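Comments concern the structure below.
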Amino acid sequence: MAYSVNRASKVVTIPKADTVLVSSSPDVRSLDVTTLWQTLIDIQDGEEGIPYLDIVKNTPPLTVAGVTLARVVEIINGYTITFENLQYAVNIIGGNSNLADKVNKNQVSVNTGNSAGFTQGADDSRISNIQSLVTEILGLSMKNAKVTGITWDAFGNMLTGTLKVYSSRAALDAESSAGLLYTYDLTSATDANGKNLWAKQGA
């Protein structure tokens, strides 16, 4: 299957098969914003799409004062997104987006994981996967949270990593100490065998 676009209703339908399996039980999947953008660009720039208004806008990673801010992907011109209507969850990873405002509600649970603190670097894919696992394992939304201080050893295992959860998006944007609800040491999360849950994520 492939993405489809209803030009009359401006609804883009994304098949479940076009998302990446994270966990089979519960059924959790992921969709990288770069994949979303590239797929929609191919549609809107194709022969059939050229006569119509653009579907997507991409703001590429931007380096400011040595920090690379993550990609931002926006659905524009009145288009909306519908995921194939089955019982599963989709974590939007790899950057920020406006999908929270553009997804048509059905059985699918969509977590956008937007964060003002989301930066991009060499280990971005691993950090994105960690954000997905934060949602899956800890049951937390990344909306008012950010992952910071990530370091890895030579084998791709996490040495340090912190999850900070704030009371609101405004508190996150300001990195307000008063609005900081708690700080979670990601390196303390282990499975039943004592293995670090975040080891080699996306390596």
>> I want the local charge near residue 97. Using Cβ-Cβ distances under 13 Å, sum +1 for each Lys or Arg and -1 for each Asp or Glu among the other residues.
In response: +1
> Taking a 25 Å limit on the Cα-Cα distance, which of the listed pairs 16/146; 16/102; 105/164; 10/146 fall beyond it?
Replying inline: 16/146; 105/164; 10/146
>> Run the simple label-point estimate for residue 42 and residue 143 please: 7 Å along Cα→C-beta, distance reported in nm.
In response: 3.2 nm
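Read-outs: derived from the displayed coordinates by stated rules, not from any lab. Worth saying up front: this structure is predicted, and the values here are computed from it rather than measured. Virtual Cβ from ideal backbone geometry, glycine too; neighbours counted across all protein chains shown.
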